[in-house]
Amino acid sequence: MLRIAICDDMPNELQCLVSLTNQYISTQNLDAEITQFAHPDALLTAMEMQSYHLYILDIVMPMVNGLELGNVIRRLDREAQIIFATTEPQFALQAYAAAPINYLIKPIEKQSFYDTLALAISKADFAEEKTFAIKTSGSMRVIKLSDILFLEYGSHSVLFHLLNGEDVLSRTIRVSFSEYSAPILKDKHFMQCHTSFVVNLRRVERFSKDGFTLHGGKMVPIAAKQYPAVRDAYMDYLMAKGEQR
């Protein structure tokens, strides 16, 4: 399912964007869910528990403007598709720091909006969510790969650190960490950067020789001997994402 977040502090403008988006979804027969936010803080709070494939953002908003919001989204998710919709054309150059699909000027022209939505959706990765089943000490948990920050191996168990702050511990595993995490590593967004760590590259906010800094300030180390290979693989990943945009 395609998840769309629309944020605009002006009620009439918000409803206009929601209505246009709903019309497009209906005409294209898409499986999509729209969540609307009247304040950027509400969207930031929601993003602690949920990610979206597409964000449609006003720019002139209280407390956190759309440019700042777009930059936060880009730090949290390098693949999110962002559309700015605003009455203010002068912020266009600044807006491109967040690598948006388009910068639309209100009042929104319907066909231009539809064309932008079509482009954004064509680039969004919203195929059936990939999941992973974790056998814990007392049950089985099925989690979406997109909800994982990183995996950490220790004492023959794997600790899954999730985007919402929850940690899920597997029961004792009888294979190597690399074998256990192999199904996850088939996903292009994941990389084993250390004997005991697998990181979700979508959630990387900063990269250094010491490691990856993720959402919430959590750090995942990079094995010294693996650094050149990890660096090159991460640069290839970023270049691939840029080409897709």
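Computed over the Cα atoms, what is the radius of gyration of the chain divided by 2.2 N^0.38 Å, N being its residue count? Intermediate values should be presented prior to the final figure.
Details: Rg = 19.3 Å, N = 245, 2.2 N^0.38 = 17.8 Å.
Taking the Cα Rg and dividing by 2.2 N^0.38 Å, one obtains 1.09.
Order these peptides, 162-173, 4-15, 190-201, 130-141, by their mean beta-carbon neighbour count within 10 angstrom, highest first. If you can, show how the numbers build up before the last one.
Working: 162-173: 14.2, 4-15: 19.2, 190-201: 21.5, 130-141: 12.0.
Peptide ranking by packing, descending: 190-201, 4-15, 162-173, 130-141.
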Net dipole in debye of segment 95-245 [+1 Lys, Arg Cβ; -1 Asp, Glu Cβ; about Cα centre; nearest 20]: 140 debye
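Can you tell me the dipole magnitude for segment 2-123 around its Cα centre, using point charges on the Cβ only (Lys, Arg +1; Asp, Glu -1), in Debye to the nearest 20? Each step should come with its number before you reach the end.
Numbers: 7 positive and 14 negative charges, 59 e Å.
Here the size comes out at about 280 debye.
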For segment 2-123, averaging the sequence separation of alpha carbon pairs under 8 Å that lie six or more residues apart and dividing by its residue count, the contact order in percent is 23 percent
What is the ratio of the Cα radius of gyration of segment 192-245 to 2.2 N^0.38 Å, with N the residue count, to two decimals? 1.10
Projected area of segment 131-244, taken from the Cα convex hull and averaged over every viewing direction, in nm²? 7.1 nm²
Cβ neighbours within 10 Å, averaged per peptide: list 103-110, 80-87 in order, most packed at the top. 80-87, 103-110
For Cα pairs less than 8 Å apart in space and 6+ apart in sequence, what is the mean separation divided by the residue count of the chain, i.e. the relative contact order in percent? 13 percent
With a 28 Å threshold on alpha-carbon distance, the violating pairs from K130/K218; K186/K209; K110/K188 are K110/K188
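What is the sum of charges, Lys and Arg at +1 and Asp and Glu at -1, for the other residues whose Cβ falls under 9 Å from the Cβ of D77? It would help to have the intermediate numbers written out before the result.
Values: positive: R74, R75, R78, R202, R203; negative: E79.
Residues close to D77 contribute a combined charge of +4.
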Given a cut-off of 22 Å, what percent of all Cα-Cα pairs of segment 92-164 lie beyond it? 51 percent
Listed by chain and number, the residues whose amide H is under 5 Å from that of L104, excluding neighbours fewer than 5 places away on the same chain and using placed H, are F84, A85, T86
What residue among L69, S122, S178 has its Cα farthest toward the positive end of the dipole of the chain, where the charges are +1 on Lys, Arg and -1 on Asp, Glu, each on the Cβ? S178
Which whole-Hz ³J(HN,Hα) couplings does segment 37-47 yield from phi under the Karplus relation 6.51 cos²θ - 1.76 cosθ + 1.60, θ = phi - 60°, glycine and proline marked x? 10, 8, 8, x, 4, 5, 5, 4, 5, 5, 5
Provide, for q = 0.18 Å⁻¹, the log10 of I(q)/I(0) from a solvent-free Debye sum over equal Cα point scatterers in segment 2-123. -0.88
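Quick note: the coordinates plus some simple rules give every number you see, no bench work behind them. None of the values given here were measured: they were computed from a predicted structure. Neighbour counts are summed over all protein chains in view; Cβ atoms, including those assigned to glycine, are modelled from backbone coordinates with ideal geometry.
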